[in-house]
Amino acid sequence: MKPVALQIIRDEHLAISAVLFALRHAARAIRTQPGSADFTLLHAILDYIVAYPDRWHHPKEGQFLFAALLGRSAEADRLIATLEREHVEGYPMIAAMQRLLDAFEAGAHCEAFCDAAEEYVRFEWTHMRREEDRLLPLAEQLIPAEEWERIDAAFLENDNPLHGLRPKDEAEALYRRIIDLDPGRRRA
């Protein structure tokens, strides 16, 4: 049986990718028509990026999956070091995007924000591909079944209403808000 945690990661990556697509789509539309910027949508997208991937998704990967894989092979150790570095590198990129969005909303030219958005989307998509194409197969190969039981339980526990943890509900509400606001997604 496939580990539940791996499917949870893939599902989360799919939702994150949809939000990144909306960000890229919005940035490209703004380049051609700067006056058409939907700041409510753009703020919702950045709220999602901060709220879900960086508060729930990345910490869960590091605390449970990376920790279980660390030390099992030199390749795994190098890959985890790269992924953890990328998690850290993403934070200032998001903060810069937020500042640039605020400046754009206050009247600055759109190019700096659009460039930062495109760069972040490329960065995050490359990061998720590295996890899915290299890390997850390696984890499935190297982590024993009894360890997967603990990891799966931790990933499932991460959204436990009995303990007041509801990141899936929060992420779903933010995701729905983005979908509802994005005119390109409504037409599809």
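The values are calculated or read from the model by the stated rules, or taken from the named source; none is laboratory data. Just so it is clear, the model here is predicted, and its values are computed rather than measured. Cβ coordinates were reconstructed from backbone atoms using ideal geometry, including for glycine residues, and neighbour counts include every protein chain displayed. What goes into the accessible areas is simple: the full protein's heavy atoms, side chains included, and nothing from ligands, DNA or RNA. Shrake-Rupley method; radii C 1.70, N 1.55, O 1.52, S 1.80 Å.
Annotations
- Residue count for the range 31-45, restricted to those that are touching a helix residue (DSSP H, G or I) at 6+ places or on another chain (Cβ under 8 Å) and over 20 Å from ALA95 (Cα atoms): 2
- The selection criterion, being at pLDDT below 95 and open to solvent by less than 90 Å² (accessible area, probe 1.4 Å), does not hold for PRO137.
- Residue match in the range 65-78 (condition: open to solvent by 10 Å² or more (accessible area, probe 1.4 Å) and among the aromatic types (Phe, Trp, Tyr)): no
- Restricting attention to the range 1-56, the residues that are in contact with a Leu (Cβ under 9 Å, 6 or more places away or on another chain), in a helix (DSSP H, G or I) and among the acidic types (Asp, Glu) add up to 1.
- Listed by first and then second residue, the pairs linking a residue in the range 104-129 that is within 29 Å of ARG10 (Cβ to Cβ) and open to solvent by 50 Å² or more (accessible area, probe 1.4 Å) to a residue that is part of a helix (DSSP H, G or I) and at pLDDT 95 or above, with Cβ atoms under 6 Å apart and 6 or more places separating them unless they lie on different chains, form an empty list.
- The one condition from (1) open to solvent by less than 80 Å² (accessible area, probe 1.4 Å); (2) free of Cβ contacts under 8 Å to residues at least 12 places away in the same chain that LEU6 does not meet is (2).
- ARG99 vs. criteria under 18 Å from ARG10 (Cβ atoms), basic (Lys, Arg), open to solvent by 70 Å² or more (accessible area, probe 1.4 Å) and without any contact (Cβ under 8 Å) to a residue 24 or more places away in the chain: no
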